[in-house]
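Peer 1: I'd like to ask you about the structure that follows.
The values are calculated or read from the model by the stated rules, or taken from the named source; none is laboratory data. Remember, it's a predicted structure, so these values are computed and weren't measured experimentally. Here the Cβ positions follow ideal geometry from the backbone for every residue, glycine too, while neighbour counts run over all protein chains shown.
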Amino acid sequence: MSVLVCAAEKGSLSAAARALRMPLPTVSRKVAELEAQLKAALVVRSRAGLHLTEAGQAFVAAARTILENMAQAERAASGEYLAPTGQLVVAAPIVFGRLHVVPVVTEFLAAYPKVDVKLLQNDRLAHLVEDQIDCAVRIGELPDSSVIATRLGTVRRVVCASPAYLEKHRPLKKPGDIAVHDCVTAEVLGVPERWSFGAGRTQAEVSVRSRLIVNTLEAAIDAAVAGTGLARALSYQVCDHVRQGVLKVVLADFEPPLWPVHLIHKPQTLFPLKLRAFLDFAAPRLRQRLVLQTP
């Protein structure tokens, strides 16, 4: 069941083999054995990937429920619902995780010696069920209404540059002034060559001239500190730089709407105490850190 569910989620047998760390022939054989046992075709293989038949869709939906019930039964048998114990898997964006989640997790581990934490830091959106994640920090609007979300605060999308750069270039009074400035753009914050400002009727997009294109916000911030040009980042990422005076926020009156920050987890019939303990411990501390990290 787990092999078929993984193949359905990944879209191909080869992707499932990589995710499960199994040889491809083994994955293919297990799916074929399941089809033979059920006397029904569950998947259709093509060059475009793997597709579930009608019977396969029904079976995978039931298999997900069965596998989750088995996992809950194993956790219950190990005492996970009697006291905070076991491993907790937490996901967070890379920079936010390093600056804020890691300090909170280390405090949590000291307070709960029977709980271990696996922290996954990645800027892609983690899928709670597919990636077997207990809870995650999500920055931005929540597209999935099925998750349970605890609001932690908000972050801003800011434009900043070094004081030395700003002294040598034309003043920035409105977003359109960016057209004559050098910019450092990161591909992780939407379309790198166009920056949006304002909201509603006042919303506008401005084309930027990229002197340097990078694929991480950390690199963009470092280049801005070095005086290469304007950079756009999230407020918590440049807070310390602004306080130290090596970066200055510009065009603050034209910033786009705030992005919410949530701590999310999936609905569960049985709620592991390790997860409840972490949510109760982490949420107020992360809220406080967001309040303090506003440049």
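Peer 1: Go through the stretch 109-139 and give me each residue that's touching a Ser or Thr at 6+ places or on another chain (Cβ under 8 Å) and either in the same structural domain as LYS10 (by TED's automatic domain parsing) or in a strand (DSSP E or B) (or both). If you could, list the steps in order and put the result at the bottom.
Peer 2: Of all residues in the stretch 109-139, those touching a Ser or Thr at 6+ places or on another chain (Cβ under 8 Å) come to 114-115.
Across the stretch 109-139, the qualifying residue is only VAL115.
Peer 1: Follow-up question, since we're still on this one. Could you give every pair whose Cβ atoms fall below 8 Å, whose first residue belongs to the stretch 118-134 and is without any contact (Cβ under 8 Å) to a residue 24 or more places away in the chain, and whose second residue is part of a loop (DSSP other than H, G, I, E, B) and among the aliphatic types (A, V, I, L, M), counting only separations of at least 6 or pairs across chains?
Peer 2: That search, which allows pairs on different chains as well, returns HIS127/ILE133.
Quick grid of which residues meet (1) in contact with a Ser or Thr (Cβ under 6 Å, 6 or more places away or on another chain); (2) in contact (Cβ under 8 Å) with a residue 24 or more places away in the chain; (3) in a loop (DSSP other than H, G, I, E, B); (4) under 23 Å from VAL101 (Cβ atoms):
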residue	(1), (2), (3), (4)
PRO143	no, no, yes, yes
VAL158	yes, yes, no, yes
TYR165	no, yes, no, no
ARG170	no, no, yes, no
GLY176	no, yes, no, no
THR185	yes, yes, no, no
TRP195	no, yes, no, no
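Peer 1: For the condition at pLDDT below 95, surrounded by fewer than 13 Cβ atoms within 10 Å (Cβ to Cβ), acidic (Asp, Glu) and at negative phi, what is the one hit in ASP240, ASP253? So that I can check it myself, show each step before the final result.
Peer 2: Working: ASP240 fails: surrounded by fewer than 13 Cβ atoms within 10 Å (Cβ to Cβ).
When all the criteria are applied, what remains is ASP253.
Peer 1: Another question about this same structure. So, in the stretch 59-76, how many residues would count as being among the aliphatic types (A, V, I, L, M), without any contact (Cβ under 8 Å) to a residue 12 or more places away in the chain and either in contact with a Leu (Cβ under 9 Å, 6 or more places away or on another chain) or surrounded by fewer than 12 Cβ atoms within 10 Å (Cβ to Cβ) (or both)?
Peer 2: Summing the residues that are among the aliphatic types (A, V, I, L, M), without any contact (Cβ under 8 Å) to a residue 12 or more places away in the chain and either in contact with a Leu (Cβ under 9 Å, 6 or more places away or on another chain) or surrounded by fewer than 12 Cβ atoms within 10 Å (Cβ to Cβ) (or both) in the stretch 59-76 gives 3.
Peer 1: Out of the residues in the stretch 173-197 meeting the condition of being of a type in the set (Gly, Ala, Ser) and closer than 25 Å to PRO93 by Cβ, tell me which one is modelled with the lowest pLDDT.
Peer 2: Step by step, filter the stretch 173-197, then rank; the result is GLY190.
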